[in-house]
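Notes to accompany the following structure.
Rule-based calculations on the coordinates, nothing more; no lab input. Note that the structure is a prediction, hence the values are computed from the model and not measured. Here Cβ is always computed from backbone atoms with ideal geometry, including for glycine, and neighbour counts include all displayed protein chains.
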Amino acid sequence: MATVKEKDYSQYFQPPSYADAKKRGKEDIKVHYDFSIPEEMQRLGAGKKYLIRTYGCQMNEHDSETMKGMFEAMGYEPTEDKQEADVILLNTCAIRENAEDKVFGELGHLKTLKTQKPNLVLGVCGCMSQEEGVVNRIMTKHQFVDLIFGTHNIHRLPKLLQEAYFGKEMVVEVWSKEGDIVENLPKKREGMKAWVNIMYGCDKFCTYCIVPYTRGKERSRRHEDVIAEVRELARQGFKEVTLLGQNVNAYGKDFEDIRYTFADLMRDIQKIDIPRIRFTTSHPRDFDDHLIEVLANRGNMVEHIHLPVQSGNTDILKKMSRKYSREHYLELVAKIKRAIPDVVLTTDIIVGFPGETDEQFEDTMSLVREVRYDSAFTFIYSPREGTPAAAMLDDIPEQLKKERLLRLNDLLAEIGREANEKLRGQTVEVLVEGESKTNPDVLSGRTRTNKLVHFPGPKSLIGKFVQVKITEPMTWFIKGELAAESAPAAANM
Ligand code: SAH
Ligand code: SF4
Ligand code: F3S
C-alpha cells in the first residue's frame with residue numbers, strides 16, 4: 001500500500017500548526033477583488049451534477065452557498081441524490097467530537113459508492129480539514145477520498161477540482177496561513193433570507209474551542225463591501241439578512257486605517273431598506289453601549305440577541321478564558337433589557353467543563369433562571385485536540401455530565417414555555433418561510449424574535465410578512481391563526 005510519506009504533498013499542503021496559530025500577529029490582510037472563473041473551466045461541469053453535504057454552523061452553510069455558486073458557474077447542476085452525483089463534497093465541522101464522528105460515518109458509506117462509481121469525485125472541506133490529525137487520518141485510512149481542502153482556500157475550488165479530475169493522486173491543499181479576503185465570489189442563495197459574512201476567523205481563543213485554529217485569525221471585510229452586498233440583497237428582494245462572524249463585536253478592530261466598529265456598521269445597515277437584520281454571534285465581552293443604542297432604535301434591527309454565556313460561574317469562565325465574569329454578564333443583560341424591554345435573549349452553554357463542581361454547575365442554573373433565556377443551545381464539553389482545555393484534567397463522570405445537561409434542558413424548556421405563554425392572544429409579525437414540515441395546509445414562519453410560528457394559510461403567503469394571532473404557545477414553537485388584517489389580499493408587503 002502506498003503511504004502518504006512516499007508522495008510529495010509539500011507543494012499543496014502546509015500542515016496546520018496550533019503553536020503558530022496562537023502566535024499569529026498583525027500580518028497584512030489583503031483583499032482580492034479580481035476573482036473570476038477562467039473561461040476554460042466554465043464548462044468543466046457540463047452534464048455533471050454536484051452534491052454538498054454541510055455540517056456545523058451558519059458560517060459553513062454560507063461557505064456551501066459560495067461553493068454551490070462556483071459549481072454552477074462551472075456548468076454543474078445540483079442534486080440531492082448521492083447515486084446521481086458526479087462530485088460529492090462534505091463541508092465539515094470540528095466543534096465537538098460527535099460532529100467529526102458523523103463525517104467519518106458518512107465517509108464509510110461513501111466508500112461503497114465510490115467503489116461502484118470510480119469516477120465519482122469525493123472531497124472533504126471545511127473545519128475538519130484544518131486539523132492535522134484529521135488530514136493524516138484521511139490520507140492514511142480513507143485513501144478513496146480524492147480531494148481535501150481547508151477553509152482558507154475555498155475560492156480555489158475550480159482549480160482543485162480540475163486537479164482532482166486529471167491527477168491520479170489525492171489532491172490536498174490546506175493553508176494554515178490565512179490573511180486574505182476574497183471578494184466577488186459567486187453565491188447561490190435560496191429563499192428570502194440571506195447570510196452575509198462581515199468577518200472571518202476568531203482571536204478569542206476560548207480554551208475549549210477549535211474555531212480560532214480552523215478559521216484563522218480575525219479579519220473584517222471592508223464596510224463598503226458589506227454594505228454594498230446588503231444593498232444588493234435588498235434590491236433583489238431578500239427580506240432578512242443575518243450578519244455572520246464568530247465574534248461580531250470584534251468587527252473592525254483589525255482595521256489600521258479607520259476607526260469603524262460593529263455599532264457603526266449596524267447604524268449604516270439600519271438605513272438600508274431590508275426588513276430584518278440579525279447578527280450572530282456576539283461575544284459578551286465587547287458588547288458596547290453604542291451597539292445597544294443602535295439596536296434600541298429598532299427599525300430593521302430585530303429584538304433578538306444571541307449572547308453565548310457558556311457558564312454562570314466566574315471561575316469556570318476564567319478557565320474557559322471567556323474574559324468576563326458572571327457579574328459582568330448579568331450587568332450587560334440588565335443594560336440590554338433596560339434599553340430593549342421586550343428583547344429575546346438566547347445563549348450557548350457548555351456543561352461538564354474540566355473540573356466543574358456541582359456548585360459551579362448550580363451557578364449556571366441560577367444564571368439561566370435570572371436571565372430567563374427564551375431558548376439555548378446546550379452542549380456537553382468535548383475535548384478538542386490541541387486546545388488548552390484538552391490538557392486540563394477532565395474528571396467529571398460522563399453520567400454526571402449527562403444528568404447536568406438534562407436538568408439544564410428541563411429548566412430551559414420550562415422557562416421557554418413560560419415565555420411563549422406570555423404571547424397568548426397577542427398579534428405578531430411573521431415572515432412566512434414555507435409549508436410546515438408535517439402538514440402542507442399549515443405554513444411556518446418566524447417572528448422578529450426568531451420564534452417559529454405555525455398557522456393555517458394559503459401558499460401564496462410564502463415570502464411575505466403577515467400578522468398572526470397567537471392561539472396556542474408550545475415549548476419550542478407557537479401555533480396561531482392569521483389575524484384579520486392579514487387576509488391574503490392585504491398581505492403583500
Ligand atoms: N463564536 C461563537 C461560538 C461558536 S461555536 C461564540 O463564541 O459564541 C458554538 C458553540 O459551541 C459555542 O458557543 C460553545 O457553546 C460550543 N462549543 C465550542 N467548543 C466546544 C467544545 N469543545 N465542547 C462543547 N461545546 C463547545
Ligand atoms: Fe470559539 Fe470563543 Fe471564538 Fe466563539 S469566541 S469561536 S467560542 S474561541
Ligand atoms: Fe463547526 Fe467550523 Fe462552524 S468547527 S461550528 S463549522 S466554524
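A few points about this structure:
- Highest to lowest packing among 194-202, 161-169, 60-68, 422-430, scored as the average C-beta count within 10 Å: 194-202, 60-68, 422-430, 161-169
- Per the Debye formula on identical point scatterers at the alpha carbon atoms of segment 183-421, with no solvent, log10 I(q)/I(0) at q = 0.10, 0.11, 0.14, 0.15 Å⁻¹ is -0.51, -0.62, -0.98, -1.10.
- Here the Karplus curve 6.51 cos²θ - 1.76 cosθ + 1.60, taken at θ = phi - 60°, turns the phi angles of segment 462-470 into couplings of 4, x, 10, 8, 9, 9, 10, 8, 6 Hz, with x standing for Gly and Pro.
- Gap separating the Cα centres of segment 27-57 and segment 277-309, nearest whole Å: 32 Å
- Relative to the 2.2 N^0.38 Å rule of thumb, the chain has a C-alpha radius of gyration ratio of 1.01.
- Net charge dipole size for segment 183-421 [Lys, Arg +1 and Asp, Glu -1 on Cβ; Debye, nearest 20]: 720 debye
- Beta bridges per DSSP with both ends in the chain, % antiparallel, nearest 5: 30 percent
- Couplings 3J(HN,Hα) for segment 431-446, derived from phi with the Karplus relation 6.51 cos²θ - 1.76 cosθ + 1.60 (θ = phi - 60°), are 8, 7, 9, x, 6, 5, 5, 9, 9, x, 7, 10, 9, 10, x, 10 Hz, where x marks Gly and Pro.
- Of the residues Gly69, Asn91, Ser220, the one whose Cα sits farthest towards the positive end of the charge dipole of the chain is Gly69 (charges of +1 on Lys and Arg Cβ, -1 on Asp and Glu Cβ, taken about the Cα centre).
- Amide H contacts under 5 Å for Lys479, placed H, 5+ residues apart: His454, Thr471, Glu472, Met474
- Near the amide H of Val124, within less than 5 Å, lie the amide hydrogens of Leu90, Leu147, Ile148, Phe149, all on another chain or at least 5 residues away, with H placed in the peptide plane.
- Relative contact order for the chain, counting Cα pairs under 8 Å that sit 6 or more residues apart, in percent: 10 percent
- Of the residues Pro118, Gly352, Gly105, the one whose Cα sits farthest toward the positive end of the charge dipole of the chain, with +1 on the Cβ of Lys and Arg and -1 on the Cβ of Asp and Glu, is Pro118.
- Length released on extending from Glu183 to His328, taking residue separation times 0.36 nm less the Cα-Cα span: 48.5 nm
- When the helices of the chain are scored as -39500 (n - 2.57) per DSSP H run of n ≥ 4 and the total is divided over every residue, the value at 222 nm lands at -9500 deg cm²/dmol.
- P(r) tail fraction, segment 427-491 - alpha-carbon pairs more than 13 Å apart, %: 54 percent
- Between segment 335-386 and segment 418-456, the C-alpha centres lie 26 angstrom from each other.
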